[in-house]
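A short worksheet on the structure shown next.
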Amino acid sequence: MQPIHPIKPWRRGGFTLVEMIVVIGIMAMVTTVAIRVAVPDAESRRMREAARQVDIFIHGARARAIEANRPFGVRIIPEANGGAIRLTYVQVPEPYAGDTYNSRAEIVSASQIRITDVGWQGIVAPGDLIQLNHVGHVYQLTNTPNSGVWTLVSTDPAMGEIPYDPGLLVPYKVLRNPVKAGGDLELPEGVVLDTTVSGIGNAAIGPPSGGNITFLFSPSGRLTAASAGGAGFAPGSTLYLNVGKAENLGLGGPTNVDDLGSYWVSINGQTGLVTTAENAGGSLFESRRFVRDKLAIGAK
């Protein structure tokens, strides 16, 4: 008779505690590496998408100026630190030349006029420009007393005072400032349009002192006017707008000119063509060189 051997109990294979700890440790390391790789990539995509949105928004303003056959543009609304997260469309209203065909402005002094029409109230505002007697030179209206007397400031220092005698009645035309035309763009969290390094040509606009930045396209699609902080500047050369990180706006740290992850959205002052390029780094001049080259070959 064969001996009867006791049946050994069945045991299920598995991981030991040490093995599980090792596996968890490896998984944690892989996850950490993956996050470190993914976070910069996600940030890069966010910056690129923000620059693309600004580009499309500005292209939209240019297209509307051509379609509507009247000046249309963009207003940038910066915060106190010079970073802007909101852009809005603006358009130039029809000029105001009085309530009737025979409307006239009375010359009060060498620097003041009186608009006798009543329709200007709610239409004409400080900062608007006025042209007297159909002459090309324009003056800026600086205040609005209830009497209808306005103080004029020449936009050309060489022009000086009003060249008409007090008491004379002359035709006039008020060239009104741009007004909001609907349509806003708000940049993603952490991304700003950096007005401290944006600017015309090789210069920076600088943090605007209590004012917005506005630029307009003409019905032909050209960049026809621009202003920053209430002061106008000639847009004869390229307008550069920097799309960068909000964290780079502080003092003492890297700027968005130093950051190779920022972008330049630029508008050719002669043609109105818009192009976007990654920041090349270096000085303010050097950082704009790449996008300037793209504009030179007609890139959009």
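Of 75, 46, all but one fail to be modelled with pLDDT of 90 or more, surrounded by 10 or more Cβ atoms within 10 Å (Cβ to Cβ), within 30 Å of residue 255 (Cβ to Cβ) and touching a Ser or Thr at 6+ places or on another chain (Cβ under 6 Å); the exception is 75. Just one of the listed residues (150, 120) is in contact with a Pro (Cβ under 9 Å, 6 or more places away or on another chain), of a type in the set (Phe, Trp, Tyr), free of Cβ contacts under 8 Å to residues at least 60 places away in the same chain and more than 30 Å from residue 197 (Cβ to Cβ), namely 150.
State yes or no: is residue 183 among the small types (Gly, Ala, Ser) and either under 26 Å from residue 74 (Cα atoms) or assigned by TED's automatic domain parsing to the domain that holds residue 74 (or both)? Against the criterion (among the small types (Gly, Ala, Ser) and either under 26 Å from residue 74 (Cα atoms) or assigned by TED's automatic domain parsing to the domain that holds residue 74 (or both)), residue 183 qualifies.
Yes/no per residue for (1) of a type in the set (Gly, Ala, Ser); (2) modelled with pLDDT under 90; (3) touching a helix residue (DSSP H, G or I) at 6+ places or on another chain (Cβ under 9 Å):
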position: 173; (1), (2), (3): no, no, no
position: 178; (1), (2), (3): no, yes, no
position: 185; (1), (2), (3): no, no, yes
position: 192; (1), (2), (3): no, no, yes
position: 208; (1), (2), (3): no, yes, no
position: 211; (1), (2), (3): yes, yes, no
position: 224; (1), (2), (3): no, yes, yes
position: 227; (1), (2), (3): yes, yes, no
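If you go through the range 88-111 and keep only what is closer than 17 Å to residue 224 by Cα and either aliphatic (A, V, I, L, M) or crowded, with 18+ Cβ neighbours inside 10 Å (or both), you end up with 89, 90, 91, 92.
In the set 164, 139, 89, 96, only one residue is over 30 Å from residue 217 (Cα atoms), modelled with pLDDT of 85 or more and either touching a Pro at 6+ places or on another chain (Cβ under 7 Å) or not charged (D, E, K, R) (or both); that residue is 164. Filtering the range 121-130 down to residues that are within 29 Å of the chain's Cα centre (by Cα) and not acidic (Asp, Glu), which residue is surrounded by the fewest Cβ atoms within 10 Å (Cβ to Cβ)? The residue in question is 122. For residue 234, the stated conditions do not hold, so it cannot be described as at pLDDT below 80, outside any loop (DSSP other than H, G, I, E, B) and over 26 Å from residue 43 (Cα atoms).
In this structure, residue 85 does not qualify as surrounded by 16 or more Cβ atoms within 10 Å (Cβ to Cβ), in the same structural domain as residue 167 (by TED's automatic domain parsing), among the β-branched types (Val, Ile, Thr) and over 24 Å from residue 272 (Cβ atoms). Residue 118 meets the stated requirement of being within 30 Å of residue 149 (Cβ to Cβ), exposed (fewer than 12 other Cβ atoms within 10 Å of the Cβ) and either in contact with a strand residue (DSSP E or B) (Cβ under 8 Å, 6 or more places away or on another chain) or at pLDDT below 90 (or both).
Residues in the range 176-195 that are in contact with a strand residue (DSSP E or B) (Cβ under 6 Å, 6 or more places away or on another chain) and either in a loop (DSSP other than H, G, I, E, B) or crowded, with 17+ Cβ neighbours inside 10 Å (or both): 178, 181, 185, 187, 192, 193, 194, 195.
Residue-wise test of (1) in a loop (DSSP other than H, G, I, E, B); (2) under 17 Å from the mean Cα position of the chain (by Cα); (3) more than 23 Å from residue 86 (Cβ to Cβ); (4) modelled with pLDDT of 90 or more.
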| residue | (1), (2), (3), (4) |
| --- | --- |
| 253 | yes, no, yes, no |
| 258 | yes, no, yes, no |
| 265 | no, yes, no, yes |
| 269 | yes, yes, yes, no |
| 281 | yes, no, yes, no |
| 285 | no, no, yes, no |
| 294 | no, no, yes, no |
| 298 | yes, no, yes, no |
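Is it the case that residue 198 is out of contact with any Lys or Arg (no Cβ under 6 Å at 6 or more places or on another chain), part of a loop (DSSP other than H, G, I, E, B), without any contact (Cβ under 8 Å) to a residue 60 or more places away in the chain and of a type in the set (Ser, Thr, Tyr)? Answer is no for this residue.
The values are calculated or read from the model by the stated rules, or taken from the named source; none is laboratory data. A quick note: this is a predicted structure, and the numbers were derived from the prediction, not measured. Reconstructed Cβ throughout: ideal geometry from the backbone, glycine too, with neighbour counts over all protein chains shown.
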